[in-house]
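The values are calculated or read from the model by the stated rules, or taken from the named source; none is laboratory data. The structure presented is a predicted model; accordingly, all values stated were derived computationally and were not measured. Here the Cβ is made from the backbone with ideal geometry for all residues, glycine too, and neighbour counts use every protein chain on show.
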Amino acid sequence: MSEAKKMYAKANAGSVKTNGAVNHLPAALAHGKAGLFIFPILEGTKDQPLIKQWGIRASCDAAQITEWWTRWPQANIGLACMKSKIAVIDSDVPNGEATLQWLADLEDKILSPTKMARSPRGGIHRFYRGRIATTAGKIGENVDTRGVGSGNGGYVLLAPSRTEDGSYKWIEGAPMAEIDPWVVEACGDSLMIGDNSQAPVVEQDTPDLIARAIHYLTHDARPSVQFQNGEFALLMTAAMLKDIGISEGVAVELLDKYYNVPKNGNRPYCEPLWEVGEGATADRLDAKVRNAWQYLNQTQPGSRTAAVAFGDEPVDSTALNTMVRWWKDRAAVMADGGPTPRELKLMRKKGLKS
């Protein structure tokens with residue numbers, strides 16, 4: 001067994017117990033020895049780092065790792081992808097793997113075999129050497145990427161971290177490969193994404209933008225239904241509010257009031273209802289909104305507004321129709337079985353009707 005495989009095996013073997021309590025220090029040291037820049041995350045969670053500026057302060061130094069996990073022995077282990085120069089493709093349940101298979105079969109976009117891990121909910125993390133933009137759903141439904149990005153970049157949890165759903169575990173497989181160029185291209189220029197500004201390009205939360213958001217939430221948003229890609233629907237709905245100039249805090253309020261409601265006729269709804277501000281992270285509406293603001297950073301807040309599209313110029317019908325078509329395309333990705341914007345673009349190039 002190679003030295004690298006020994007280190008991964010040690011990390012995957014699980015935690016040791018000290019006085020009956022879980023201790024992740026041995027696994028954390030193994031990851032650091034493998035050259036991975038890591039940082040501690042609150043035990044049992046995946047979105048509460050225990051240090052500020054984790055993407056910058058993440059370390060592979062044994063002394064620093066020992067200090068952190070002596071202070072927080074049960075802390076989960078976060079991998080700072082940008083600092084580690086590692087790109088992660090996260091295919092989530094229920095159909096992330098089906099999306100990747102569809103890309104391979106119909107578009108000849110094949111992922112190179114590489115090191116993989118399984119998340120507690122059954123998703124697959126593929127680890128590659130290289131740089132990639134941190135995105136959510138850009139490659140396809142239920143497929144996210146973690147890499148570079150504004151501020152800290154992206155991160156994933158490493159084995160044997162645990163959440164209420166279970167443990168992260170390495171999957172036996174190929175050694176870590178270089179990231180495939182088609183993935184980098186599909187996600188955007190990773191060399192530019194680290195400097196992406198998330199400063200709003202319009203005045204946020206104005207009465208007209210709030211009215212527009214409410215209309216979208218009560219008429220056009222895709223319902224968030226458990227076992228029917230409901231989590232993805234909520235994420236993309238939150239992203240739409242960000243794009244049309246709604247701030248994160250107001251987005252949580254609007255989503256909870258107008259979208260997080262029981263089924264009633266043909267209007268959008270959530271089933272079951274999402275928690276807000278308390279409860280498990282996986283069940284919290286505000287946590288999903290935070291993810292949309294943190295990871296969907298390809299566009300600035302307010303970038304899909306008339307003020308940005310047209311400025312002070314008179315609105316002509318052609319320009320207006322272009323924007324309307326974009327909105328219809330975006331809505332299509334919400335519809336069950338609807339084509340993605342990339343598919344619509346290909347269809348138009350071929351002269352097909354959508």
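Looking at (1) under 25 Å from ALA80 (Cα atoms); (2) at pLDDT 90 or above, find the lone condition where LEU296 falls short.
Failed condition: (2).
Does ASP286 meet the test of being at pLDDT below 95 and touching a Gly at 6+ places or on another chain (Cβ under 9 Å)?
In short, yes.
Does at least one position in the stretch 270-283 carry a residue that is under 19 Å from HIS215 (Cβ atoms) and among the small types (Gly, Ala, Ser)?
no
When you scan the stretch 198-288 for helices (runs of 4 or more DSSP H) that lie fully inside it, which ones turn up with 2 or more residues that are closer than 25 Å to ASP144 by Cα and assigned by TED's automatic domain parsing to the domain that holds THR299?
Qualifying helices (runs of 4 or more DSSP H): 230-243, 248-254.
Go through the residues of the stretch 152-166 one by one and say whether even a single one is surrounded by fewer than 19 Cβ atoms within 10 Å (Cβ to Cβ), without any contact (Cβ under 8 Å) to a residue 60 or more places away in the chain and in contact with a Lys or Arg (Cβ under 7 Å, 6 or more places away or on another chain).
Within the stretch 152-166, none of the residues are surrounded by fewer than 19 Cβ atoms within 10 Å (Cβ to Cβ), without any contact (Cβ under 8 Å) to a residue 60 or more places away in the chain and in contact with a Lys or Arg (Cβ under 7 Å, 6 or more places away or on another chain).
Give all pairs with beta carbons closer than 8 Å in which a residue from the stretch 99-112 that is outside the structural domain of HIS125 (by TED's automatic domain parsing) and farther than 12 Å from ASP180 by Cβ meets a residue that is of a type in the set (Lys, Arg) and modelled with pLDDT under 95; count only pairs at least 6 apart in sequence or on separate chains.
Within 8 Å, no pair qualifies.
Taking the stretch 254-274, which residues are among the charged types (D, E, K, R) and crowded, with 17+ Cβ neighbours inside 10 Å? Give the derivation first.
Of all residues in the stretch 254-274, those among the charged types (D, E, K, R) come to 256-257, 263, 267, 271.
The one that is among the charged types (D, E, K, R) and crowded, with 17+ Cβ neighbours inside 10 Å: ASP256.
Residues in the stretch 34-49: is at least one more than 27 Å from ASP165 (Cα to Cα) and out of contact with any Phe, Trp or Tyr (no Cβ under 9 Å at 6 or more places or on another chain)?
Yes, that holds for at least one residue.
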